[in-house]
Amino acid sequence: MPDLRIQDIRVTPIAFYDPPLLNNAGCHEPFALRSIIEVETEDGVIGLGESYGVQEMIAALNELAPHLVGMSVTNISGLRARAAQVVCGETTGYSGQEGLLPRVIGAIEVAMWDALGKATGQRVVDLLGGQVREDVPFAAYLFYKFKSHAGQTATDPWGEVLTPEQLVGEAQKMVDQFGFRALKLKGGILPVEDEMAGLEALHAAFPDAPLRIDPNGGWHVHTALNLLPRLTGMIEYLEDPTLGIEANAVVQAATEIPLATNMYVVAEKHLPPAIRQDAFRVILSDHHYWGGLMASRHLARICEIWGLSLGMHSNSHLGISLAAMTHLAAATPNLTYDCDTHYPWQTDEVIEGGKDAFRFENGCLTVPEGPGLGVTLDRSELKRLHQNYLDCGILTRNDRAEMQKHQPDWQFARPRY
Ligand code: GKR
Ligand code: MG
């Protein structure tokens, strides 16, 4: 019988290259931050997790880590209880809208599942209840973007994307390289007419592709209502068109297009008001902020009970997160839509095999082979990306300040249009 007690937990902040992608909050900085979590058992088995890398997350993970030593990696309830004591419950820290606690739990919980799987020779997908699909479908995540980062001349292979033609070019490249079926456009950036022209160009170029647009709450209710006739028949869902549960409920009441969210239903307490008001018909889950893989399986069951559809949200991430998302999606029977992933935008990797470790076929991934999450840490890359973190001077995500380096008079506004 393996000794499943936790002997040590290590948290390594890393920074990896990120292109100048645009969103309603501004522009991506040259480096995105993540935390890499290693949970080591008494037998020396190491479980891996990946999560947010902002300063308060790193501090909370480091504060909690010693309190988990001696606990079994099977004790998810113990993790939750200990984390609640140490992290002191809900804070309004991260993004000013969600709690730090479920993020901290989620980060360590994934590594505990991975350690359990590796110690017992089982895949995480099996520990989560069993595999219900061979292929996990992902969507192309299309962003408007600048050619280069502020003050730099080096451009990335995607170039500038600000016009409908450039957007179709970006989509074509994603489809050619990864075989994605569904296309998601990050909106809430350009004037509405420009983004509609982009969406219509995508629809014309890829008439069979399920489309989505996500303005991140960037539209006023009246703007969203005005656009509904043009969006009907063109998109599979409309993601967070406007601000908050009540305002989105007004939009949902006016359309058959399902509204989706990863902004306003991000914790259990948001489910009752959102369901009562029929504000959203698609929940975009994310194990990184829902408190881990088990909590995400529970969320899927809640969605099933209440007749809500389910998709998966992402942020800039590397392969440990992608592996966890794939295992979770493969174990979730009622996953309705192709999952989001930022993965094609990333060039760095922290797992062995690098970017070749994952092969998208027709936009899908299969569950990585091997026990646990099926991925192994590349220690030299971990070291390099940790050095990036130390050198880059970025401690939190600030898309707004980054945007102002490109356009000094740019002001954040949500809703903007
Ligand atoms: O990476 O710019 C971005 C996205 O806007 C991200 O921050 C969001 O969390 O992908 C996300 C979304 O669907 O809202
Ligand atoms: Mg979204």
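The values are calculated or read from the model by the stated rules, or taken from the named source; none is laboratory data. As the structure is a computational prediction, the values presented were derived from the model and not from experiment. For neighbour counting, all protein chains shown are included, and Cβ atoms are generated from backbone atoms with ideal geometry for every residue, glycine included.
Under the condition of being of a type in the set (A, V, I, L, M) and more than 30 Å from Glu109 (Cβ to Cβ), the residues counted in segment 125-182 number 10.
Applying the condition of being surrounded by fewer than 23 Cβ atoms within 10 Å (Cβ to Cβ) and among the small types (Gly, Ala, Ser) to segment 36-65 and asking which residue is farthest from the chain's Cα centre (by Cα) yields Gly44. Within segment 146-166, identify whether any single residue is assigned by TED's automatic domain parsing to the domain that holds Ser296, surrounded by 23 or more Cβ atoms within 10 Å (Cβ to Cβ) and either more than 24 Å from Pro241 (Cα to Cα) or within 21 Å of the chain's Cα centre (by Cα) (or both), and answer yes or no. Checked against the condition, which is being assigned by TED's automatic domain parsing to the domain that holds Ser296, surrounded by 23 or more Cβ atoms within 10 Å (Cβ to Cβ) and either more than 24 Å from Pro241 (Cα to Cα) or within 21 Å of the chain's Cα centre (by Cα) (or both), segment 146-166 yields no hits at all. Taken as a whole, the condition of being of a type outside the set (Val, Ile, Thr) and assigned to a loop (DSSP other than H, G, I, E, B) does not apply to Asp356.
Taking the options Leu162, Leu185, Leu190, name whichever one is under 17 Å from Ser314 (Cβ atoms) and free of Cβ contacts under 8 Å to residues at least 60 places away in the same chain.
Working: Leu162 fails: under 17 Å from Ser314 (Cβ atoms); Leu190 fails: under 17 Å from Ser314 (Cβ atoms).
Just a single option satisfies the conditions, and that option is Leu185.
Restricting attention to segment 1-21, the residues being within 16 Å of ligand 1 (Cβ to nearest atom) and not assigned by TED's automatic domain parsing to the domain that holds Leu116 number 0. Can you pull out every residue in segment 237-247 that is among the acidic types (Asp, Glu) and within 14 Å of ligand 2 (Cβ to nearest atom)? Within segment 237-247, Glu239, Asp240 meet the criteria. Within segment 1-21, the set of residues being surrounded by fewer than 16 Cβ atoms within 10 Å (Cβ to Cβ) and in a loop (DSSP other than H, G, I, E, B) comprises Met1, Pro2, Asp3.
Taking the numbered list (1) surrounded by fewer than 16 Cβ atoms within 10 Å (Cβ to Cβ); (2) under 21 Å from the mean Cα position of the chain (by Cα); (3) not in a helix (DSSP H, G or I) in turn, Asp409 passes all entries but (2).
Are there any pairs with C-beta distances below 6 angstrom linking a residue in segment 248-264 that is within 15 Å of Leu308 (Cβ to Cβ) to a residue that is in a loop (DSSP other than H, G, I, E, B) and within 11 Å of ligand 1 (Cβ to nearest atom), with the two at least 6 apart or on different chains, and if so which? Between residues of segment 248-264 that are within 15 Å of Leu308 (Cβ to Cβ) and residues that are in a loop (DSSP other than H, G, I, E, B) and within 11 Å of ligand 1 (Cβ to nearest atom), the close pairs are Thr261/Asp240; Asn262/His313. Looking only at residues in segment 266-298 that are among the polar types (S, T, N, Q) and away from ligand 2 (no atom under 14 Å from the Cβ), the one that is nearest to Ser51 (Cα to Cα) is Ser296.
A single member of Val251, Val266 is in the same structural domain as Pro164 (by TED's automatic domain parsing) and under 14 Å from Pro415 (Cβ atoms), and it is Val251. Taken as a whole, the condition of being among the small types (Gly, Ala, Ser), outside any helix (DSSP H, G or I) and either free of Cβ contacts under 8 Å to residues at least 12 places away in the same chain or buried (at least 17 other Cβ atoms within 10 Å of the Cβ) (or both) does not apply to Ala81. Of all residues in segment 199-233, those satisfying the criterion of being touching a residue at least 60 places away in the same chain (Cβ under 8 Å) and in contact with a strand residue (DSSP E or B) (Cβ under 9 Å, 6 or more places away or on another chain) are Leu202, Pro210, Arg212, Pro215, Asn216, Gly218.
Looking across Ile275, Ile283, Ile320, Ile302, one residue alone is in contact with a Leu (Cβ under 9 Å, 6 or more places away or on another chain), within 16 Å of ligand 1 (Cβ to nearest atom) and outside the structural domain of Val73 (by TED's automatic domain parsing). It is Ile283. A single entry from Thr232, Thr155 fulfils the requirement of being modelled with pLDDT under 95 and either more than 24 Å from Ile302 (Cβ to Cβ) or of a type in the set (Lys, Arg) (or both): Thr155.
In segment 333-349, how many residues are polar (S, T, N, Q) and either modelled with pLDDT under 95 or closer than 14 Å to Val282 by Cβ (or both)?
First, pick out the residues of segment 333-349 that are polar (S, T, N, Q): 334, 336, 341, 346-347.
Restricting the remaining residues to those that are either modelled with pLDDT under 95 or closer than 14 Å to Val282 by Cβ (or both) gives 334, 336.
Adding up the residues that qualify gives 2.
Say we look at segment 393-403 and pick out the residues that are crowded, with 17+ Cβ neighbours inside 10 Å and touching a Phe, Trp or Tyr at 6+ places or on another chain (Cβ under 6 Å); which of these is nearest to Gly151 (Cα to Cα)? Per the criteria, the residue is Met403. Here Val250 clears all of (1) within 14 Å of ligand 2 (Cβ to nearest atom); (2) out of contact with any Lys or Arg (no Cβ under 7 Å at 6 or more places or on another chain) except the condition numbered (1).
When segment 22-45 is filtered for residues that are in a strand (DSSP E or B), within 14 Å of ligand 1 (Cβ to nearest atom) and either free of Cβ contacts under 8 Å to residues at least 60 places away in the same chain or over 22 Å from Ala60 (Cβ atoms) (or both), the ones remaining, listed by number, are Leu22, Asn23, Gly26, Cys27.
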